[in-house]
1. Among the residues that make up region 410-424, is at least one of them more than 21 Å from the chain's Cα centre (by Cα), in contact (Cβ under 8 Å) with a residue 12 or more places away in the chain and surrounded by fewer than 23 Cβ atoms within 10 Å (Cβ to Cβ)?
2. Within region 381-410, how many residues are of a type in the set (Val, Ile, Thr), outside any loop (DSSP other than H, G, I, E, B) and closer than 20 Å to Thr356 by Cβ?
3. Which ranges mark the helices (runs of 4 or more DSSP H) fully within region 285-380 that have 3 or more residues being assigned by TED's automatic domain parsing to the domain that holds Lys119, surrounded by 17 or more Cβ atoms within 10 Å (Cβ to Cβ) and hydrophobic (A, V, I, L, M, F, W, C)?
4. Across region 417-444, what is the number of residues that are touching a Ser or Thr at 6+ places or on another chain (Cβ under 7 Å) and of a type in the set (Phe, Trp, Tyr)?
5. Under 17 Å from Gly372 (Cβ atoms) and assigned by TED's automatic domain parsing to the domain that holds Ala129, is that true of Phe272?
6. Output the residue which, of all residues in region 103-116 that are within 22 Å of the chain's Cα centre (by Cα) and part of a helix (DSSP H, G or I), is farthest from Val279 (Cα to Cα).
7. Restricting to region 274-284, and then to whatever is outside any strand (DSSP E or B) and buried (at least 24 other Cβ atoms within 10 Å of the Cβ), can you tell me which residue is farthest from the chain's Cα centre (by Cα)?
8. Just checking: which of the strands (runs of 3 or more DSSP E) contained wholly in region 117-200 hold 2 or more residues that are β-branched (Val, Ile, Thr) and without any contact (Cβ under 8 Å) to a residue 60 or more places away in the chain?
Amino acid sequence: MTAIPQERRVVTAIPGPKSVELQARRASVVAAGVGSVLPVFTARAGGGIIEDVDGNRLIDFGSGIAVTSVGASAEAVVRRASAQLAEFTHTCFMVTPYEGYVEVAEALAELTPGDHAKKSALFNSGAEAVENAVKIARAYTKRQAVVVFDHGYHGRTNLTMALTSKNMPYKQGFGPFAPEVYRVPVAYGYRWPTGAENAGAEASAQAIDQISKQIGAENVAAIIIEPLLGEGGFIEPAKGFLPAIARFAKDNGIVFVADEIQSGFCRTGQWFACEDEGVVPDLITTAKGIAGGLPLAAVTGRAEIMDAPHAGGLGGTYGGNPVACAGALGAIETMRELDLNARARRIEEVMKGRLTAMAEKFDLIGDIRGRGAMIAIELVEDRETKKPAAAATAALAKACHAEGLLVLTCGTYGNVLRFLPPLVIGEDLLNEGLDIIERAFEGL
């Protein structure tokens, strides 16, 4: 495995001629509904760099949407997955089990919050994990209703589309959706009518009031929330909100589910984002950063809740694939050895420092938020009205792409520029990427 030089290099237009040719091939055989942020075809990736088929090297501020936190070719992931590939690729854990699955479950029991007895079930994707968390909660509580939050995102299956807040592009035209799903307010501090300082207490009171009046707490199987909301705009629920909701769940026999699919595994400077306020979920869903780029997901939680479904009620042909499990063990090894929580906190320090200075120069920046290497800026046309600046957000992303910096957008209003660099990115590349962002603002 040849290490990729950790240097940005732009030698053609982006996308270059080979990528354009591949894009034409793609258009003839790949469904149009499968989009891409940037039609640049990857040849190699590692550290903080993506190298395309034309020889351009892009600085990576996306990590495949928070997946390649340890880099896209981490040594321990490659070593362990390669060794497993040589032994066997699959038996199906439900047919003849293997040690790797058990090792991943042991690691999850150790790393996830709380000192209670824990068990896990492994799956392929984040949406599968969330869907199975609902199944488990319903089996345990013998209830049906599921409560989710404004601006939340939980996946693209039928049930998880119902759980997801945003219509376009996730839900438009794909209904009808699963029933018994209810949505309540979240403490979105930047846009809370009475100010961010009141958002935690007021939003939790509103949410609890709606649950109690409109659903009945005794009918709720699960409350599901991202401790740091991802696709909805990297919204940090205002302080006090998560503990209040978790307390309400506990008091009413409701399973509290932390969806840590995007925020987990060192991304926020802690193993899991819910640790920030000491919240211990009953169930936690993980995927994305868990296995260094290999498809793996998990539901981990209190043993008595996890054991509620009958034997055979959970599973799937590929769930906990042995190669993916080996990749997960390699990713966790890397996170520990390199102390990627500390790296994430340093990324936050650098990024927030630079972005705060930019906010003093550019009125477009309405809010800077996030934790660790999960940082975002919300762009507004006017700081008083906070009117979302979606067009400017798209233009900024396009300008960054042209200069060899991969950035992603998100947000319910399409006006959030989000930054998810690999936790192993060099500080020189991090600062160079921020230079490009600053120049993009100057060019608007």
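1. no
2. Within region 381-410, residues that are of a type in the set (Val, Ile, Thr), outside any loop (DSSP other than H, G, I, E, B) and closer than 20 Å to Thr356 by Cβ number 1.
3. Hits in region 285-380: 322-337.
4. Total satisfying the criteria: 0.
5. Spelling it out, Phe272 is indeed under 17 Å from Gly372 (Cβ atoms) and assigned by TED's automatic domain parsing to the domain that holds Ala129.
6. Result: Val104.
7. Among residues in region 274-284 that are outside any strand (DSSP E or B) and buried (at least 24 other Cβ atoms within 10 Å of the Cβ), the one farthest from the chain's Cα centre (by Cα) is Asp282.
8. 181-184
The values are calculated or read from the model by the stated rules, or taken from the named source; none is laboratory data. Bear in mind that the values here come from a model prediction, so they are computed numbers and not experimental data. For neighbour counting, all protein chains shown are included, and Cβ atoms are generated from backbone atoms with ideal geometry for every residue, glycine included.
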